[in-house]
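Accompanying notes for the structure given below.
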Amino acid sequence: MQKWHIKLTKSEQKKIKMVLRSKRTTMEAKKHAQILRDIDESDGKTPMSASKVSKSRGVCPNTVNRVRRVYAEQGIEQAIFRKKRKTPPVEPKITGEVEAHIIATACSQTPEGKARWTISMIANKIMLDGVIESISDEAVRLVLKKRNLSLI
């Protein structure tokens, strides 16, 4: 006896067809769409059991039950696609203030005895100024490249 019964509307069935036909959709999303199609009870169809769906789709029975539950509670979008993250997993180390300081340093007068700034000199100056605790030469290079700045 299933706790959640899945009855897809015509628009939801179209959405599933579009997901399955799309070349840009992930395999996970396609599997979830196939699971929903297999357990659909609309139009008097008899849905497949979770064990049959899991064997035919190559997923765990818990996945079938989770897709069923998420569809019943949150709708088709959440049942098929992954939830988008609200924040990145790690806060970016280089903020706009640090970028501005890197650019200002690269555009400033070179140290005495030097013809031009090098990337490692900029990185060292940024750390000495206390703008950031540590920064790699590659991070400085990427900031300068992003702004189309050349050290020549």
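Among the conditions (1) over 22 Å from the mean Cα position of the chain (by Cα); (2) closer than 30 Å to GLN34 by Cβ; (3) of a type outside the set (Lys, Arg), VAL70 misses just one, which is (1).
Residue check: is ARG68 out of contact with any strand residue (DSSP E or B) (no Cβ under 9 Å at 6 or more places or on another chain), in contact (Cβ under 8 Å) with a residue 60 or more places away in the chain, part of a helix (DSSP H, G or I) and closer than 20 Å to LYS3 by Cα?
On the way: out of contact with any strand residue (DSSP E or B) (no Cβ under 9 Å at 6 or more places or on another chain): yes; in contact (Cβ under 8 Å) with a residue 60 or more places away in the chain: yes; part of a helix (DSSP H, G or I): yes; closer than 20 Å to LYS3 by Cα: yes.
Yes; evaluated as a whole, the condition is true for this residue.
Taking every residue in segment 110-124 that is over 18 Å from LYS145 (Cα atoms) and pairing it with any residue that is outside any helix (DSSP H, G or I), at least 6 positions away or on another chain, the pairs with Cβ-Cβ distances below 7 Å are THR110/ARG116; THR110/TRP117. Scanning segment 7-53 for residues that are more than 14 Å from GLU77 (Cα to Cα) and in a loop (DSSP other than H, G, I, E, B) gives LYS7, SER22, LYS23, ARG24, ILE39, ASP40, GLU41, LYS45, THR46, PRO47, MET48, SER49. Of all the criteria given as (1) in contact with a Ser or Thr (Cβ under 7 Å, 6 or more places away or on another chain); (2) within 30 Å of ARG141 (Cα to Cα), the one not satisfied by VAL64 is (2). Could you please let me know if VAL59 is assigned to a loop (DSSP other than H, G, I, E, B) and either within 30 Å of ILE39 (Cβ to Cβ) or aliphatic (A, V, I, L, M) (or both)? For VAL59, the condition - assigned to a loop (DSSP other than H, G, I, E, B) and either within 30 Å of ILE39 (Cβ to Cβ) or aliphatic (A, V, I, L, M) (or both) - is met.
For the list (1) of a type outside the set (Gly, Ala, Ser); (2) over 21 Å from MET27 (Cβ atoms); (3) in contact (Cβ under 8 Å) with a residue 12 or more places away in the chain, I need the number of the one condition that THR87 fails. Condition not satisfied by THR87: (3). Scanning segment 81-117 for residues that are touching a Leu at 6+ places or on another chain (Cβ under 7 Å) and either assigned to a loop (DSSP other than H, G, I, E, B) or within 21 Å of MET18 (Cα to Cα) (or both) gives ARG116, TRP117. In segment 116-135 there is no residue matching the filter, namely being surrounded by 11 or more Cβ atoms within 10 Å (Cβ to Cβ) and under 30 Å from HIS5 (Cα atoms).
Given the criteria touching a residue at least 12 places away in the same chain (Cβ under 8 Å) and not in a helix (DSSP H, G or I), does ILE132 qualify? So ILE132 passes the test.
Only the coordinates and a few stated rules stand behind these numbers; no lab work does. What you see is a predicted model, and the numbers here were worked out from it, not measured in a lab. Note that we place each Cβ from the backbone using ideal geometry, even for glycine, and neighbour counts take in every protein chain shown.
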